[in-house]
Amino acid sequence: MAQLSTQPKGKGAGILRSLDCWQRHALPFPEDSFDYLEDESLQDIMNATLGFHKIFVLNLPFRTDRRDAMSLSAAISNIKLEYVEGVTGDSIKESAYPPPQENIKLLAAFILEDDVDWDVRVRQNLQRFALASRFLSSCNEHFKNSPNLKNHIDYRPSTETEEMAFKSIDNRNVPHTLASLPLASVSDSRNPPQRHGLEAHMSPYGDPKTWDILWLGHCGAGLPRDSQRRSSSLKHRPPATASNLILTYANDSTVPVGRYLKAHPFQGYQDAFSTAFPSHTRIYHRSTGGELCTVGYAVSQRGARRLLHQFGLKGWNGIFDSELGRWCAGEDPNMGPDYPQPAHGAHEKERVCMTTQPPIFAHHHPMQGESDIGGLGGGYARKYETPFLRYSVRMNLENLVQGKGERDLTDQWPDQEE
């Protein structure tokens, strides 16, 4: 990991020395993206359920092609899956049964769609995400306990415009300025977290009582914004809070160069984060700017209860992934004037959804494959590929079953001059 000079000069030297001293105690991030972080609290990510209690895959029974591909990909990656039969609209009534008894008290479950893909370095990516999610789920507490932390925040102009922002949420406060900290600066080895075994009601990703959703697989996320609906400009730096802070991981070789960072091949512009930050930068933040596609998301028990209350009892009025994005952004479904509105001044406990860009899990676009999901238009992706993932498992299945090593696989988004 690159270090700041130990002998800075001029104005701000004290802050730079402080940051350098701080980073000497940070967890050492290996330069090789195939290497793992040596941190005992992250060891559960190495298990067959990636540090969650269970991994569920939603699969329509007649899509045996997808089930076969998922099963093979998971076996090669030493991942244990449990399939849940998907339902179509005409069968939802008779299928609305409660979950099996053994699934009622899970503290955290990971839910995948059956056309999902991941990089062979998925566990390495999840280790870094876990460090970010621990911090972001209790960010305000960290700021309170370490007030100097805010002195190291970097401010930069946002490249997200109202035209690029998700139309499903209120875009009156699209940020003009982004606040960020390096992931290494909040991963302090002087104060390592206690062993986070699931049996101790914890997880590698932070206490499930402090978060609702870990949105690890998506097809686009907005940049985070201030939950107080305050707009910002370069002249007015927004106060860094849990809802708008970005953690950055630079020089991540699992991240393609910017020109490849598009959720859809027919998208006319790069995802905003790829133009706001240097090439090969991965970012982590709360999902306060909207998000689309439930490709892969983890739900805590707290989050499951909240989602069941919102979408099972109160109701919703749109496509689920779009409505989930609204919910994570702090907005409720628009059910019309006859729908009961919250009491004036009513305060709901903070919704905590966290994500990463680019996603760690992404939709695979197979040859001659089409979707069974209802959508808002845009067309099918006809090209054989998986967006965002460089050493894709699905794109390298033949190489992997033939016994090729991870370092000998095909990089579908190789570095080129931009």
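Looking only at region 253-269, residues that are closer than 16 Å to GLY220 by Cβ, of a type outside the set (Phe, Trp, Tyr) and crowded, with 18+ Cβ neighbours inside 10 Å come to 6 in all.
Those residues that are under 18 Å from LYS349 (Cβ atoms) and in contact with a strand residue (DSSP E or B) (Cβ under 6 Å, 6 or more places away or on another chain), I need them from region 270-298; list them, please.
Step one: of region 270-298, the residues under 18 Å from LYS349 (Cβ atoms) are 286-288.
Selection gives ARG286, SER287.
Based on what the data block shows, is LEU149 modelled with pLDDT under 90 and in contact with a Phe, Trp or Tyr (Cβ under 7 Å, 6 or more places away or on another chain)?
For LEU149, the condition - modelled with pLDDT under 90 and in contact with a Phe, Trp or Tyr (Cβ under 7 Å, 6 or more places away or on another chain) - is met.
I need a count of the residues in region 209-220 that are over 25 Å from PRO147 (Cβ atoms) and either modelled with pLDDT of 95 or more or among the hydroxyl-bearing types (Ser, Thr, Tyr) (or both). Residues that pass the stated criteria total 7.
Tell me which residues, restricted to region 206-227, are among the small types (Gly, Ala, Ser) and farther than 15 Å from SER274 by Cβ. Show your work before the answer.
Residues of region 206-227 that are among the small types (Gly, Ala, Ser), as a first pass: 206, 217, 220-222, 227.
Residues satisfying the conditions are GLY206, GLY217, SER227.
The set of residues in region 364-418 being acidic (Asp, Glu), under 30 Å from GLU323 (Cα atoms) and modelled with pLDDT under 90 consists of GLU370, ASP372.
For residues that are farther than 16 Å from PRO157 by Cβ, in a loop (DSSP other than H, G, I, E, B) and of a type in the set (A, V, I, L, M, F, W, C), scanning just region 244-286, find the one that is modelled with the lowest pLDDT. This residue is PHE266.
Among the residues making up region 311-324, those that are at pLDDT 80 or above and closer than 18 Å to LEU292 by Cβ are PHE311, ILE319, PHE320, ASP321, SER322, GLU323, LEU324.
Results for (1) part of a loop (DSSP other than H, G, I, E, B); (2) modelled with pLDDT under 80; (3) more than 20 Å from the chain's Cα centre (by Cα); (4) under 23 Å from PHE320 (Cα atoms), shown as yes or no for each residue.
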residue	(1), (2), (3), (4)
PHE166	yes, no, no, yes
ARG195	yes, yes, yes, no
GLU199	no, yes, yes, no
ARG225	yes, no, no, yes
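Entry remark, region 151-164: residues being more than 16 Å from THR248 (Cβ to Cβ) and not in a loop (DSSP other than H, G, I, E, B) number 1 in total.
The values are calculated or read from the model by the stated rules, or taken from the named source; none is laboratory data. All values reported here derive from a predicted model rather than from experimental measurement. Because the Cβ atoms are built from the backbone with ideal geometry, glycine has one as well, and the counts that use them run over all protein chains shown.
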